[in-house]
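The values are calculated or read from the model by the stated rules, or taken from the named source; none is laboratory data. All values reported here derive from a predicted model rather than from experimental measurement. Neighbour counts run over all protein chains shown; Cβ positions are idealised from the backbone, glycine included.
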Amino acid sequence: MLLIVAPAISSFPLADLLLLALALVAAYAATDRTALRRLRFGVLRLRWLLLSIIVLYLGFTPGEALSPWTPGLSWEGLWEGCRRILVLVSLLAAVYWLLSATPVPQLVAALDQLLTPLSRLGLPTGRATALVALTLSAVDGVEGRYRTLKAQGLKGLDLAAAWIGDIEHQPPTATHAVLLLPWPRVWEWLLLALMLLMVWNWPR
């Protein structure tokens with residue numbers, strides 16, 4: 001479902017994106033007690049990207065000026081920049097929700113199942129799923145170590161140096177064995193088809 005929605009929401013109107021972002025954040029918060037803290041951490045890591053997006057769209061989108069004293073800044077650019085930011089926040093909340101609600105072994109097994117047609121063509125999909133398993137299993141540990149060091153009072157360069165040193169001395173993470181999931185049932189395929197139809201016909 002995430003793979004269906006992700007490429008489509010970039011064309012959603014601002015009001016629809018705002019509702020989608022709020023719904024995803026609420027669903028994620030209902031799944032995980034630490035959701036809002038984790039989401040805040042993720043947004044803060046993207047703060048310079050988000051700031052550059054709003055600056056670029058605000059200053060380089062033609063349209064009605066914000067005020068007579070800011071002729072180079074347009075309302076159209078402000079709304080479009082906000083829309084692009086909501087796209088990223090929505091995707092971030094959706095990915096965090098997926099990782100919170102789905103155990104890593106099941107997620108890797110689902111990805112392996114999704115790539116089955118490519119493996120039958122001779123592509124090494126097993127290596128890709130193994131790399132995904134390593135990455136996903138390491139994410140929580142890396143983020144948890146950051147919060148622990150920050151709680152100890154470290155800041156700035158000291159925090160960054162301690163965090164990097166901690167990661168470098170961390171023992172290698174073991175891969176997860178790929179589970180064998182049952183093939184999706186008919187109603188699950190119908191649900192995906194319905195979502196694809198909704199996204200395709202969503203008013204732009």
Checked against (1) more than 30 Å from residue 32 (Cα to Cα); (2) surrounded by fewer than 14 Cβ atoms within 10 Å (Cβ to Cβ), residue 77 satisfies every condition except (2)
Within the range 19-61, residues being polar (S, T, N, Q) and without any contact (Cβ under 8 Å) to a residue 12 or more places away in the chain number 2
Can you report the number of residues in the range 77-100 which are under 18 Å from residue 45 (Cα atoms) and polar (S, T, N, Q)?
1
Result of the Cβ filter at 8 Å on the range 191-204, keeping first residues that are closer than 21 Å to residue 15 by Cβ and partners that are part of a helix (DSSP H, G or I), at least 6 apart or interchain, is 195/4; 195/5; 199/4; 199/5; 202/16; 204/11
Would you mind listing the helices (runs of 4 or more DSSP H) fully within the range 1-85 where at least 3 residues are aromatic (Phe, Trp, Tyr) and on the phi < 0 side of the Ramachandran plot?
47-60
Can residue 70 be described as farther than 30 Å from residue 197 by Cα, among the polar types (S, T, N, Q) and surrounded by 13 or more Cβ atoms within 10 Å (Cβ to Cβ)?
no
Could you tell me which of the residues 80, 64 is in contact with an Asp or Glu (Cβ under 9 Å, 6 or more places away or on another chain) and in the same structural domain as residue 16 (by TED's automatic domain parsing)?
64
Whether any residue in the range 122-136 is crowded, with 17+ Cβ neighbours inside 10 Å, at pLDDT below 70 and not in a helix (DSSP H, G or I) is what I want to check.
no
Would you be able to say whether some residue in the range 28-49 is more than 30 Å from residue 156 (Cα to Cα) and surrounded by 12 or more Cβ atoms within 10 Å (Cβ to Cβ)?
yes
Within the range 95-106, identify whether any single residue is closer than 22 Å to residue 38 by Cα, over 16 Å from the mean Cα position of the chain (by Cα), touching a residue at least 24 places away in the same chain (Cβ under 8 Å) and not in a loop (DSSP other than H, G, I, E, B), and answer yes or no.
yes
